[in-house]
Structure formats: C-alpha cells, structure tokens
Amino acid sequence: MPRAIQIAAYGGPEQMQLVDVSVGEPGPGEIRIRHHACGLNFIDVYQRTGLYANPLPLNLGMEGAGVVEAVGEGVTHLKVGDRAAYASNPPGSYSEVRVMPAKTVCRLPDAISFETGAAMMLKGLTAQYLLKRTRPVEGLEPGDFILFHAAAGGVGLIACQWAKALGLRLIGTAGSAAKCQLALDHGADVMIDYSKEDFAARVKEITGGKGVKVVYDSVGKDTWDKSLECLRPFGLMASFGNASGPVAPFAPGILGNKGSLYVTRQTLFTHIATRERCQAMADDLFAVVESGQVKIRIDQRYPLADVAQAHRDLESRKTTGCTILLP
C-alpha cells in the first residue's frame, strides 16, 4: 500500500507518523498523482500544531510534483502520463500517491524538474501574487523600495530575484550574516540583520526618511509593530504568514496616526480559487523560471520518513531556500 504522513492529534513534529493509506480512483474533477517530490512549507507547521485547524486524522502537505496516473470525469486540462505540479487544498502532499482536486494542478513544463516543481509552486505562486497582485494604492514602479521579511527563505529568495527583474529595490531582513549574504546574492538590494540592527531605523536611513510603499511580512507577531513604522503615508502592510506567532489585536486608529496606512492579510488559496486564475499565475511563474530570471534554490532534501527532522529544522530557522521531501 502507498504511504503518507498523517497526524492523529495536533502537536509537535513527533505527531507525524508514516502510515499505509488506501488510494482509490479519482472521482469527478479529481486526479490521482504519484509524487516524485513534495514541498515543505510553514503552513504545514501551522496545520500540524492546529493554528490552522483541520479535521483529524490529517494527511499533511500542500505542494508536490509527479506524474498523473488517473483522471476523473470532467478533467480536460490533464491526461494520464502528464508531468504535473501543484499547490493545493486539501492537504495531503506528504505521500507517495494521492487523489486530489484537479483544478489547481498544472502541467509541468519539460524544462522544469520534479524537484524544482515541488519546491516552487506554493512559494513561487505566493511571490507572484505578492509582487504582481498585492500592491500599494499608489502602485509600484521601477526604483521603488519594498521591505521583505525572511528574505533568505523559500518565498524570500524567489521574491528577491523576481523583484530585481521587475526593477524594484528589495530591502530584506534575515537573522544572520550568512542569510543576509544569501539574499544579496539572489538580488536583494540591501539586507538588514535583525539580530544586530533595528530594522525600522535602518529602513528609514536607507530610504532617506521616506519609508517604503509596501512591507511583505510572513513573520507576524515579532515584526508587526516595527513594520508599520517602515511605511510611508498610504503604504501597505501585507501580512501573509505567522512564523513567529499570530499578530496581536490592534486598534485601527493607529493606522491613521502612522500615515493613513493600509493593512491586508493575504492567502494563496484565495488567489488560486479558480482554474483560470491558477493557470495564469502558474504560467507567469513557469515563464520567469524558464527564462532564468528566477532560479529555485533547493538547500535541503529529506526522505519522506524523516519529515519530523525537516519540521524541526524549519521551525528552528536552520533552513534556507526551499526544502523538499522525497517519497
């Protein structure tokens, strides 16, 4: 029988168990896919701990790449034998084989490997909607400064390269000199080591006191307050994760006091809710990767059975770039 990583209760990495699962035929609108590689993301941690609650028992994982084995009724954009990749609800990519909804599964170009496909879909589509669709009210133009937290992570390194390709000047933050250098090597304009510097003060210094038009923040609680200080009037605070914990409740009045700021909480799955939108975003991602403007850096590979160690390394900030699991 095929195997998958499953939790029966919320908690730490030890809750994840490699179990045998029964995988049947796809129903209408579904496919069956055999994975060659699976992606690791912080959303997997949120689901494992229960911060993002799902019915239990739960098969984890939101991102993968492999070969389509069977196609259900009504699926026309995929066929048996296609190379494919996805970022998708419901969870379940930490597996050898799964049946899943087809609408967010995209045919993977031959020039892109399974490992790259598994590493880039969730993170790359996230970078796409942030830089292309989550923009401040005054827009973004070449030469504009933006602030991107966790710039040496999976989403961050893609965003560094894509921002450079768009002519944006990305100011990034990271927690060590080595991570800062990694982001600089991938196109960040300036990096701030938040373990040694006050990033809000440095942003004001870098921008000549003006601040940035937008902050992209997947860290959450630890960076929220100072991120608001980095914004120019009418700037946008774009939250898309909670790596340090959820943002505490705040009074909307502070947004007025700090310059009539905008705040948004984004999630990828709103952006890829339709087949057409998902495919358009994926096509944009595939094009920028195939052009060489964005390179997908895979720094960690783990056997599927070692997923607990992968989660520990991710949560302790030991990882850089993308991480994949190999069934």
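The values are calculated or read from the model by the stated rules, or taken from the named source; none is laboratory data. What you are looking at is a predicted structure, and each value in this text was computed from that prediction instead of being measured. Positions of Cβ are generated from backbone atoms using ideal geometry, with glycine treated the same way; all protein chains shown enter the neighbour counts.
Some values worked out for this structure:
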quantity	calculated
Among the residues listed as 139, 143, 153, 117, the single one being within 18 Å of residue 243 (Cα to Cα) and either crowded, with 24+ Cβ neighbours inside 10 Å or at pLDDT 95 or above (or both)	153
Verdict on residue 97 being of a type in the set (Val, Ile, Thr), buried (at least 21 other Cβ atoms within 10 Å of the Cβ), in the same structural domain as residue 45 (by TED's automatic domain parsing) and under 26 Å from residue 20 (Cα atoms)	no
Verdict on residue 172 being closer than 19 Å to residue 127 by Cβ, at pLDDT below 95 and either surrounded by 24 or more Cβ atoms within 10 Å (Cβ to Cβ) or within 16 Å of the chain's Cα centre (by Cα) (or both)	no
Total residues in region 230-265, condition more than 18 Å from residue 138 (Cα to Cα) and part of a helix (DSSP H, G or I)	3
Residue tally, condition of a type outside the set (Ser, Thr, Tyr) and either in a strand (DSSP E or B) or within 22 Å of residue 304 (Cβ to Cβ) (or both), over region 72-100	13
Number of the condition not met by residue 211 [criteria: (1) under 13 Å from the mean Cα position of the chain (by Cα); (2) farther than 25 Å from residue 291 by Cα; (3) among the small types (Gly, Ala, Ser)]	(1)
Of all residues making up region 144-169, the number that are part of a helix (DSSP H, G or I) and either free of Cβ contacts under 8 Å to residues at least 12 places away in the same chain or within 18 Å of the chain's Cα centre (by Cα) (or both)	10
Count - residues of region 284-326 that are over 26 Å from residue 132 (Cα atoms) and aromatic (Phe, Trp, Tyr)	1
Whichever residue in region 45-71 is of a type in the set (Gly, Ala, Ser) and assigned to a loop (DSSP other than H, G, I, E, B) and, among such residues, is farthest from residue 107 (Cα to Cα)	50
Within region 80-89, considering residues that are surrounded by 13 or more Cβ atoms within 10 Å (Cβ to Cβ) and at pLDDT 95 or above, the one nearest to residue 126 (Cα to Cα)	87
Test set (1) under 23 Å from residue 140 (Cα atoms); (2) among the charged types (D, E, K, R); (3) over 19 Å from the mean Cα position of the chain (by Cα) - residue 217 fails condition number	(3)
Residue list for region 1-44, filter: assigned to a strand (DSSP E or B), among the β-branched types (Val, Ile, Thr) and either touching a Cys at 6+ places or on another chain (Cβ under 8 Å) or surrounded by fewer than 20 Cβ atoms within 10 Å (Cβ to Cβ) (or both)	19
Qualifying residue in region 284-294 (condition: in contact with a His (Cβ under 7 Å, 6 or more places away or on another chain), buried (at least 17 other Cβ atoms within 10 Å of the Cβ), over 29 Å from residue 6 (Cβ atoms) and assigned by TED's automatic domain parsing to the domain that holds residue 38)	no
